[in-house]
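Engineer: Have a look at this one.
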Amino acid sequence: MLLAIDIGNTRIKVAVFEGSTLIEPFYFNSVNLQNELYFILNKYKKVSELVVASVGNIPKEAFSEFESQVNIHFISSNFPFSFNNNYSTPNTLGIDRMVLANGAVLKYPKQNRLVIDAGTCITYDFIDKNDNYLGGAISPGIRLRYESLHNYTAKLPLLKLEFLSDENSETEEIPLIGNSTSEAINSGVINGVIKEIEGFISQYEAVYPKFIIILTGGDTEFLAKRLKNTIFANSNFLLESLNQTFQYKIKND
């Protein structure tokens, strides 16, 4: 069994895999990393491989106490990937984006692919049907936009996606015209993100008439219900791609 760990900017996402099957996902913050890993490894004693992809600030040494239990692998740019990296500054390409691109190539072969990861940042990554990674875009995510409006103004309140837990949140639309400060902020942030994503997709369509869209990240479910485009929505796509990346390495060693 394999334990895949994605260390993001905001939280840590973990999943246990048996072959290509995701057995159970876990989500927690960095403070609880070691306690959570002890719990997971005790629950799944057959886990023998631990694979880590990190864009966060947790040092590799944080995993050293688990070396006697599992083989630990840190994904880096030196890993074998199934795509050609045409980024002009390949050493600056985030490991999370590389793993997502690799997963898209392995899961959707011989197709143009656009991967949209909606988390702390919203990243766009395009890989053509010949498996060339061309690049993409990075913009602030939903929570980062809320925080920026509060932190860089004198009087705007800090809002959160609290309505995500409401019963009607799955279908509720954010008003275009907000008639209060809170509604105006929600309109600007949420409608702005949706229009941004749809705008990017339209611009890609002008160059590549046919491609698949993979939406992932922490805000996947919220956004998928509000986007007009046909997409493959999978909030665990990065974890699945981590597992695929490791399996690809084993096959190509």
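Engineer: With a cut-off of at most 16 other beta carbons within 10 Å, and DSSP calling the residue loop, which trypsin sites (Lys or Arg not before Pro) in the stretch 123-165 qualify? Please list them.
Structural biologist: Working: sites: K129, R143, R145, K155, K160; in loops: K129, K155, K160.
Filter output for the stretch 123-165: K129, K155, K160.
Engineer: Could I ask something else about it? Taking square-rooted eigenvalues a ≥ b ≥ c of the alpha carbon gyration tensor, is the stretch 29-154 rounded, prolate or oblate, where a/c under 1.5 means rounded and, failing that, a/b exceeding b/c means prolate? Intermediate results must be reported in sequence, preceding the final value.
Structural biologist: Numbers: a/c = 2.22, a/b = 1.18, b/c = 1.89.
It is oblate, given that a/c is not under 1.5 and a/b is not larger than b/c.
Engineer: Okay, next question. For every helix of n ≥ 4 consecutive DSSP H residues, a contribution of -39,500 (n - 2.57) applies; sum these over the chain, divide by its total residues, and give [θ] at 222 nm rounded to the nearest 500 deg cm²/dmol. Provide the component values of the computation, followed by the final result.
Structural biologist: On the way: 7 runs with 77 residues, N = 253.
The per-residue figure over the chain is -9000 deg cm²/dmol.
Engineer: I've got another one for you. If you roll a 1.4 Å probe over the stretch 112-253 with all protein chains in place, what percent of the accessible area is carbon or sulfur? Walk me through the numbers before you get to the answer.
Structural biologist: Numbers: 3810 of 7550 Å².
Here carbon and sulfur together make up 50 percent of the probe-accessible area.
Engineer: For the chain, give the share of DSSP beta bridges that are antiparallel, in percent and rounded to the nearest 5; count only bridges with both residues there.
Structural biologist: Values: 26 of 45 bridges.
Bridges in the chain that DSSP calls antiparallel: roughly 60 percent.
Engineer: Per residue, how much accessible surface does the stretch 1-75 expose to a 1.4 Å probe? Answer in Å², no decimals. Walk me through the intermediate numbers first.
Structural biologist: On the way: 3940 Å² over 75 residues.
Per-residue accessible area for the stretch 1-75 comes out at 53 Å².
Engineer: Of the peptides 53-65, 206-218, how do they stack up when ordered by the mean number of other Cβ atoms within 10 Å, highest first? Walk me through the numbers on the way to the answer.
Structural biologist: Details: 53-65: 14.0, 206-218: 16.8.
Result, highest mean first: 206-218, 53-65.
Engineer: Here's a follow-up. Does anyone have the angle between helix 95-107 and the longest principal axis of the chain? Alpha-carbon axes, 0 to 90°, nearest 10?
Structural biologist: For 95-107 against the chain, the angle is about 80 degrees.
Engineer: Give me the 1.4 Å probe accessible area per residue for the stretch 133-253, excluding ligands and nucleic acids, in Å².
Structural biologist: Values: 7040 Å² over 121 residues.
Counting only protein heavy atoms, the per-residue value for the stretch 133-253 is 58 Å².
Engineer: Determine the shape class of the chain: with a ≥ b ≥ c the square roots of the Cα gyration tensor eigenvalues, call it rounded for a/c under 1.5, and otherwise prolate if a/b is greater than b/c, oblate otherwise.
Structural biologist: oblate
Engineer: Something else about it: By how many nm would the segment from T181 to K249 grow when fully extended, if each residue of separation counts as 0.36 nm and the alpha-carbon distance is taken off? Provide the component values of the computation, followed by the final result.
Structural biologist: Numbers: separation 68, 0.36 × 68 = 24.48 nm, distance 5.12 nm.
Working it through step by step, the gained length comes to 19.4 nm.
Engineer: May I ask you to derive the relative contact order of the stretch 80-141, considering only C-alpha pairs under 8 Å and at least 6 residues apart, and to give it as an integer percent? Can you show the working numbers first?
Structural biologist: On the way: 103 pairs, mean separation 20.7, N = 62.
33 percent.
Engineer: Next question, about the same structure. Within the accessible area of the stretch 3-87, what % is carbon and sulfur when the probe is 1.4 Å and the other protein chains stay in place? Intermediate results must be reported in sequence, preceding the final value.
Structural biologist: On the way: 1990 of 4550 Å².
About 44 percent, which is the carbon plus sulfur part of the accessible surface.
Engineer: Based on the Kirkwood radius over alpha-carbon pairs, what is the Stokes-Einstein translational diffusion coefficient of the stretch 117-253 at 37 °C with 0.692 mPa s viscosity, in µm²/s?
Structural biologist: This corresponds to a translational diffusion coefficient of 196 µm²/s.
Engineer: OK, next. Find the relative contact order for the chain and round it to a whole percent, using C-alpha pairs within less than 8 Å whose residues are 6+ positions apart. List each step's numbers first, then the result.
Structural biologist: Numbers: 410 pairs, mean separation 47.7, N = 253.
This gives 19 percent for the chain.
Engineer: Same structure, new question: Longer than 21 Å from Cα to Cα, which of K13/K60; K210/K251; K107/K251; K110/K210; K129/K210; K107/K249 are they? Say none if no pair is.
Structural biologist: Values: K13/K60 16 Å; K210/K251 30 Å; K107/K251 16 Å; K110/K210 12 Å; K129/K210 10 Å; K107/K249 15 Å.
Flagged as over cut-off: K210/K251.
The values are calculated or read from the model by the stated rules, or taken from the named source; none is laboratory data. Because the structure is predicted, anything quoted here is derived from the model rather than measured. Cβ sites come from the backbone with ideal geometry, for glycine too, and all protein chains shown count toward neighbours. For accessibility, only protein heavy atoms count, side chains too; no ligands or nucleic acids. Shrake-Rupley method; radii C 1.70, N 1.55, O 1.52, S 1.80 Å.
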